[in-house]
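S.K.: Structure in structure tokens, see below.
The values are calculated or read from the model by the stated rules, or taken from the named source; none is laboratory data. Note that the structure is predicted; figures quoted are calculated from it, not measured. So basically every Cβ, Gly included, is an ideal-geometry build from the backbone, and we count neighbours across all protein chains shown. The accessibility values were calculated without ligands, DNA or RNA, using every heavy atom of the protein model including side chains. Shrake-Rupley method; radii C 1.70, N 1.55, O 1.52, S 1.80 Å.
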Amino acid sequence: MATVDTACGPVDLDDLGPSLMHEHVFIMHPEAWQNWGHAFGPGYWDERERIDDAVAKLTRLRDGGIRTIVDPTVPGLGRYIPRITEVAERAGINIIVATGVYAFLELPNFLAYRSTQAIAQIFIDEIREGINDTGVKAAFLKCAVERHGLVGDVPRILEAIAIAGIDTGAPVMVHTNAAARTGLLALTTLTDHGVDPRRIVIAHAGDSNDLDYLHAIADTGASLGCDRFGIEHFNPMADRIETLSTLVAQGYGDRVHLGHDAACFYDFMVGDPLFAGEKPDYLLICNHVLPSLLDAGVTQEQIDQMLIANPRAFFSEAGTAPDPAPSTSGAAAAGP
């Protein structure tokens, strides 16, 4: 039986169940907390309080029908695996974690002077051996191509990601900027390095309603990250649903990853009035998006494809799901 590694050990692909393919648990940079923990008011981080809050939120998500989340939090976003493992164990939910590096321009100093191969080897070891001394293995690779494009250390990062992806067979998720169409830059660069496009998801493609851009990505076999439902300033909900229902009707449903890009805690929102109204909700897709898609003519079978079969395909070695996905019978669509 094929398996995928999670924060609590390997899980059979068939047991992933309904999955959200781009969700964080914590975005918390230790250096920011250690130096600016009181810069915007009272101290914002209490380890026990934050973990208990995450357990409550992810337990609610599990009870709403979601059995797995894919967490692309890597160094550059504050990854700390022991914290994630505790949350996963207590909430009873699968959390699939990533290796890689999140940088828009340059590598952190710890990596900047090392060879590209040495950086790739870190990623390979985290997939094959485990992350640091946690025993937890990463199951996919994460990097970024933002609006700045292929500048600074970004080409080296993509090369290291490609080396590791080809060596291990692990799939790749790329943070991109839809307005700048950097998904195409990322896709071309990774495939030029030999990565199979079927092993790549272009994260945040769902911020765009430009069907030509989305078709250009999906026609290669790569997946579209429709993964920011609820983040209105990138793309309003109604537009996201219209675009997604159109893509499904056009036959692209087997290349869609659903998610919110939510988190239980974001340190960059602390004390910032720009984010005062942000209330991430992991159940928005279950409670609102899926019923709206059904109303727009998307079938339950197509929803099962996006929620169950596509995640299984992404984490299967060949990039294709071994069997048709079992029906969720509407449970995940309805929520609590």
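S.K.: Tally the residues that are more than 14 Å from M21 (Cβ to Cβ) and either in contact (Cβ under 8 Å) with a residue 12 or more places away in the chain or not in a loop (DSSP other than H, G, I, E, B) (or both), restricting the search to segment 219-249.
M.R.: The total comes to 18.
S.K.: Here is a follow-up. Which of (1) closer than 13 Å to V145 by Cβ; (2) open to solvent by 40 Å² or more (accessible area, probe 1.4 Å); (3) not in a loop (DSSP other than H, G, I, E, B) is the odd one out, the single condition R198 does not satisfy?
M.R.: All conditions pass for R198, except number (1).
S.K.: Can you tell me which residues in segment 175-189 are over 16 Å from F234 (Cβ atoms) and either open to solvent by less than 30 Å² (accessible area, probe 1.4 Å) or within 16 Å of the chain's Cα centre (by Cα) (or both)?
M.R.: A186, L187, T189 - these are the residues of segment 175-189 that are over 16 Å from F234 (Cβ atoms) and either open to solvent by less than 30 Å² (accessible area, probe 1.4 Å) or within 16 Å of the chain's Cα centre (by Cα) (or both).
S.K.: Of everything in segment 127-151 that's within 18 Å of the chain's Cα centre (by Cα) and not hydrophobic (A, V, I, L, M, F, W, C), which residue is farthest from A98 (Cα to Cα)?
M.R.: E146
S.K.: Now for a separate question. Would you please name the residue that is most open to solvent (accessible area, probe 1.4 Å), looking only at residues in segment 1-21 that are assigned to a strand (DSSP E or B) and out of contact with any helix residue (DSSP H, G or I) (no Cβ under 9 Å at 6 or more places or on another chain)?
M.R.: P10
S.K.: Could you say whether any residue in segment 148-155 is at pLDDT 95 or above, farther than 28 Å from S316 by Cβ and buried (at least 19 other Cβ atoms within 10 Å of the Cβ)?
M.R.: yes
S.K.: Given V97, V87, V55, V74, which one is assigned to a strand (DSSP E or B) and either under 15 Å from the mean Cα position of the chain (by Cα) or surrounded by 17 or more Cβ atoms within 10 Å (Cβ to Cβ) (or both)?
M.R.: V97
S.K.: May I pose another question? Looking at A321, A296, A313, A325, can you tell me which residue is under 30 Å from I166 (Cα atoms), modelled with pLDDT of 95 or more and among the aliphatic types (A, V, I, L, M)?
M.R.: A313
S.K.: Anything in segment 163-175 that is touching a residue at least 40 places away in the same chain (Cβ under 8 Å) and more than 12 Å from S223 (Cβ to Cβ)? List them, or say none.
M.R.: Hits for segment 163-175 are I163, A164, D167, T168, G169, A170, H175.
S.K.: Can I ask one more? Out of (1) crowded, with 24+ Cβ neighbours inside 10 Å; (2) within 20 Å of C286 (Cβ to Cβ); (3) without any contact (Cβ under 8 Å) to a residue 60 or more places away in the chain; (4) of a type in the set (G, A, S), what's the single condition that is false for G259?
M.R.: (3)
S.K.: Inspect all residues belonging to segment 73-87 and state whether any of them is over 29 Å from L187 (Cβ atoms) and free of Cβ contacts under 8 Å to residues at least 40 places away in the same chain.
M.R.: Looking for residues that are over 29 Å from L187 (Cβ atoms) and free of Cβ contacts under 8 Å to residues at least 40 places away in the same chain, one finds at least one in segment 73-87, hence yes.
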